[in-house]
Amino acid sequence: MNAKIWKKALALCLGGALLLPAVPVQAAAAETDVIRIGLAYGSTALPAANLQNSVGSGYRLGYFDSDGDFVQLAAVTGIDKLTMLKAENLYLSGGSYTATAGGTLVGCWYLQLPGAYADFDAAKKAAAALSGGFPAWVAGEWQVRVGSWASKADAQAAQTALGLTDAQVVEAGDYAVSVVETGKTAILFHFDGGSSQALGVLPDTTGKSDPVTWFKGYKYYGGFRYERINGGDLTVVNMVDLEDYISCVITWEMSASWPVEALKAQACCARTYALRNLNKHSTYHFDLCSETDCQAYHGTSQVTANSNAAAAATEGECIWYNGSLIEATYFSSDGGATENSENVWTNTVPYLRGVVDPYEASVASEITNYNWTVRYTASELADKLRAKGYSCASIASFQVSQLTPTGNVKSVKVVDTAGKSWTIPGATLRSILGTSVLRSIRFSITSTGGTGGSVSLAGGSTASSLSGLYAISGDGSVSQLPDLPYVITSSGVSAMTTAGGGSTYTLSGTGWGHSVGMSQYGAKAMAKQGYTYDEILEFYYTGVDVY
């Protein structure tokens, strides 16, 4: 990896305006090029996690030190599939290991031979002399254990039956992990580093090849770490070289077939995001997750020569503003213009300024649902608002009330039949209606089917809204009209509606995403028109440097 990026990272300060939710720039990993990507954690943590070596057979077992370097303790050969188990009572049934009783037990009570051993080879040799024996590394000490039982009583009964009277009956620690060959129950290796050290696994026993391993249907570079945080299920983390990670991410965030300059721009964004957000998921002891909450990352399956070339050509390069890594936000398409950060999130960020985009439209025909339309009845719209805490009656008016300088929707005004009104930011409306429905903040609203029409004004002109209008009373006084005035009719007093009070509202727009930072399809369009990756980045991020 390019060393200059780490030297620069060491010099970063935490000042400057940040996006909210903001993650401070971290320099904790400044001396290593390994990044920690969470693949299973929290509610998705696993009682058992399978691996399959994709480059041969055999694995190295050990742990990753504080710099992300692998420390080898043991090796298993001639096996291409391993399963790591939390060391509690699990049962193999139907090819899966679960805590539900039934099937073949892998227990958490063992017989431990007296004494300690010098190294893995010595412990392995001693274990091989006993049926069911296996080497165990516990708190830095090599031991030999035998069998696995569900309870202390079962282990004591086996101790008598096996004649191992000098053995000690022991239970697995809260952080212990057992390793078995997938589909079997005999323990090959037992690891317990307490709360401070988690089991690490690397495929390839030689350490010379570039390891590629199957995990849950995807192939990954690098190694894996298995940690039982607070004694729970296994948190699985991919320990991968930063540049290998970048070469994969760009193919999940952008098609590998796109022009190489667009891929280079995406590589710089992905690298900048990763380095700025190191330790984002500190609760689970890793840097980034593998989903779009961070960056989409599902291994190597979409990597091509084109994407590898883009990653390699920009190795170590990031996007900077006044000497600090930027928050390199990006999204699918802007529909014609990006937006200022404060009009979508919270803080004003100087490099996240909205720009009118003259490029993206040239590839609009290549973008699925670039032009989109969604319709709501007044009743449906009211239900959506109530579900988000707005105490509204029936909807009488639903209109765009303010645009940003780049033509995106800054706010929408909603008026109900009780006369109450709300001004809702465009970005907030996306969360109310759903970001997959209201695809961007670049839209217009029309209404049909209402009882009203336009409002007739003096002089023969009309207005589609009463907002901002004034009336002269009989005594000559002037006052501003409410958004929803009332009129006296032959049947009594009723609310007066305008064109905004239709029973069906149609929202028509362009683009998809939050609209802040780089448009990915815009990057594609610029690359097709001959722009270089740094020119693309400098267009979408105001006042930045790329190096």
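Values as computed for the structure displayed
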item: Highest-first arrangement of 46-55, 65-74, where packing means the average Cβ count within 10 Å; result: 46-55, 65-74
item: Alpha carbon centroid spacing (whole Å) that separates region 358-424 from region 205-281; result: 37
item: Exposure proxy ranking, count of Cβ atoms within 10 Å, fewest first, for T300, T368; result: T368, T300
item: Residue order, fewest to most beta carbons within 10 Å, for K280, K125; result: K125, K280
item: DSSP-loop GluC sites (Glu not before Pro) across region 227-317, with at most 15 other Cβ within 10 angstrom; result: E291, E315
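FYI, it's all coordinate maths here, none of it is from the lab. Please read all numbers here as calculations on a predicted model, not as lab measurements. Note that each Cβ is placed from the backbone with ideal geometry, even for glycine, and that neighbours are counted across all protein chains shown.
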